[in-house]
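In what follows, a single structure is set out as C-alpha cells and then discussed.
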Amino acid sequence: EVHLSPLAAKVLDGDEEGALGEARRLIDLEGPLGVISDHLVPALDEVGRRYETGEFFLPQLIEAAQAASAVCALAEEELLREGSSASRGTVVLATVEGDLHDLGKNVVATVLKSHGYRVVDLGKDVKAERIVEAALREGAQVVGLSALMTSTVPRMKEVIEETHRRGCGFKVIVGGAAVSPWYARSIGADGMSYDAVGAC
Ligand code: B1M
C-alpha cells in the first residue's frame, strides 16, 4: 500500500469538496506547482494503478479525475495570480485526436502561461489538420502535443507529417505519459518533456 497525502486520498475518493479544502490549505504551504506535482500526480498515478488491477472501475476513474480537475483549476488560478505578463511567444496546445485525457495538458498550459507564453489551447481529441491550421492562423512559434494512450501516440506523428507537408516554420514538442524520448526523436519532434516545467 503506497503512502498517500490527505489531499491525494480525497482525490482517490472522488471527494471534490474535501480535495479543494485540502488544496487551499496546501497551496499556501507548498505553492500551486507543488500541489500538482507532489499530490495530484501521485494520486492520479495511484488511480491508474487501481484501474489496471481492477480495484477501480470507470466511474471511480471519472470521479477521481473530476476531483483532480477542480484542484487543478484552483492551482491554475493561483499560479496565474503569481505569473508574469511578458510575452515570450505563442504556443498552440492540444491533446491529439482520439485522446480525451486533458488534465496533463491543462497543467502544461497553466505553467506555460505563468512563464509568460501566450497559450492557445485547442482542447482534447483534436485532429492533426485543425492543430496545424490553428498554429498558422495564430502565428505560433511552437505547437505542443499531449497523448496518454499507446493507441493515440501515433496521432502525434500525423501532426508532424502535416507540418512538413505544408512547410511550416514552427517547432513541435510532445509529452504525456505514453511518450518516450526515443519515440519523440523517431517521429521528428523538436522536443519532448516528462513534465510541465520541462515544456517551458
Ligand atoms: Co484514462 N487511461 N482512460 N482516463 N487515465 C490512462 C492514461 C491509463 C494509463 C490508465 C491505466 O490503465 N493504467 C490507460 C491508458 C493505457 C495505455 O494506453 N497505455 C487509460 C485508459 C485505458 C482509459 C480509457 C480507455 C478507459 C476506458 O474507457 N475503458 C478511457 C479512454 C478515453 C479516451 O481518451 N478516448 C480513459 C478515460 C479516462 C478519464 C476520462 C476517466 C480520465 C481523464 C480525465 C481528463 O483528463 N479530463 C482518465 C484518467 C484520469 C487517467 C489516469 C488515471 C491519469 C491521467 C492523468 O491525468 N495524469 C491515467 C493513468 C496514469 O497516467 N497514471 C489513465 C495526471 C497528469 C497531470 O499527468 O497527463 O501524464 P499527465 O501529464 C503530465 C506529463 O505527462 C506531462 O506534464 C504533465 C504534468 O506533469 N505532459 C506534457 C503531458 N502532456 C505534455 C505535453 C508536453 C509536455 C509535457 O508538451 C507539449
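All of the numbers you see were taken from the coordinates with simple rules; none came from a lab. None of the values given here were measured: they were computed from a predicted structure. Every residue, glycine among them, receives a Cβ derived from its backbone with ideal geometry; neighbour counts consider all protein chains shown.
What is the chain's relative contact order, in percent, from Cα pairs under 8 angstrom and six or more apart in sequence? Answer for the chain is 17 percent. The mean sequence separation of alpha-carbon pairs under 8 Å and at least six residues apart, normalised by the residue count of the range 1-60, gives a relative contact order of 38 percent. Among SER5, SER146, a tally of other beta-carbon atoms within 10 Å of each Cβ gives an order, fewest to most, of SER5, SER146. Cα axis of helix 41-53 to longest principal axis of the chain: angle in degrees, 0 to 90, nearest 10? The two axes meet at around 80 degrees. Remark: VAL142, VAL35 ranked as VAL142, VAL35, counting other beta-carbon atoms within 10 Å and listing the fewest first.
The C-alpha atoms of the chain define a longest principal axis, and helix 128-138 lies at about 80 degrees to it. Please determine, in degrees from 0 to 90 and to the nearest 10, the orientation of helix 16-35 with respect to the longest principal axis defined by the Cα atoms of the chain, where the helix direction is its Cα long axis. Roughly 60 degrees, rounded to the nearest 10.
When THR90, THR110, THR163 are arranged by Cβ crowding within 10 Å, least crowded first, meaning fewest neighbours, the order is THR90, THR163, THR110. Helical content alone sets the calculated 222 nm signal of the chain at -17500 deg cm²/dmol, taking -39,500 (n - 2.57) per DSSP H segment of four or more residues and averaging over every residue.
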